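**Student:** My structure is below; once you've seen it, I'll send some questions.
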Amino acid sequence: VGVHIRSGDKITTGEMKTIAINEYVHALRTIQNNLKKNDLNIFVMTDNLSLYEELMAKGDPSWSMTTLEEPSVYTMNGHEQVVFNLLPQEKRVSLFYRFLTELHIMQRIPNLVLTFSSNVGRFLYLTSYAIQDEENVISLDVPKWSTF
């Protein structure tokens, strides 16, 4: 299962509502039940390492979670475009490549938990190779999204 958790300026600007980690846990349990699996392998794509840590703490012991994030000042509070723009170019490029790598991984995961208010969530919905149907995607804010 792939999980995308967005925070930072997406929340602080009011573009997206805060979604409690408990909602992600509930969605993951729903997927686990639907798949009739005893355990889950979960990849977490997030701009906020503290939310990943909270998900790990509240998650089921049968879940194995991983992420590409490493602790840094930048990844502890979520993506803030103004802060990102002030980073040295080398750091911005490195973070961009990490972001592309996460997208590439998420596109190949057959079950996703995300938000359709996020551009990343909509992009993954449109471009994921492994998703068989809409039932494999749970959006925690906008229940349905369409390009039509």
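**Student:** Among the helices (runs of 4 or more DSSP H) confined wholly to the stretch 30-148, which include 1 or more residues that are more than 16 Å from the chain's Cα centre (by Cα), of a type in the set (Asp, Glu) and at pLDDT below 95?
**Tutor:** Where helices (runs of 4 or more DSSP H) fall fully within the stretch 30-148 and carry at least 1 residues being more than 16 Å from the chain's Cα centre (by Cα), of a type in the set (Asp, Glu) and at pLDDT below 95, they are 89-107.
**Student:** Quick check: is even one residue across the stretch 128-148 open to solvent by 20 Å² or more (accessible area, probe 1.4 Å), touching a residue at least 24 places away in the same chain (Cβ under 8 Å) and basic (Lys, Arg)?
**Tutor:** There is at least one residue in the stretch 128-148 that is open to solvent by 20 Å² or more (accessible area, probe 1.4 Å), touching a residue at least 24 places away in the same chain (Cβ under 8 Å) and basic (Lys, Arg).
**Student:** So which of THR101, THR67, THR46 ends up being open to solvent by 40 Å² or more (accessible area, probe 1.4 Å) and touching a residue at least 24 places away in the same chain (Cβ under 8 Å)? Working first, answer last.
**Tutor:** Values: THR67 fails: open to solvent by 40 Å² or more (accessible area, probe 1.4 Å); THR46 fails: open to solvent by 40 Å² or more (accessible area, probe 1.4 Å).
The unique qualifying residue is THR101.
The values are calculated or read from the model by the stated rules, or taken from the named source; none is laboratory data. This is a predicted model, so every value here is computed, not measured. When we count neighbours, we look across all protein chains shown, and the Cβ atoms used for this are built from the backbone with ideal geometry, even at glycine. Ligands, DNA and RNA are stripped out before the accessible areas are found, and what is left, the full protein with its side chains, is counted by its heavy atoms. Shrake-Rupley method; radii C 1.70, N 1.55, O 1.52, S 1.80 Å.
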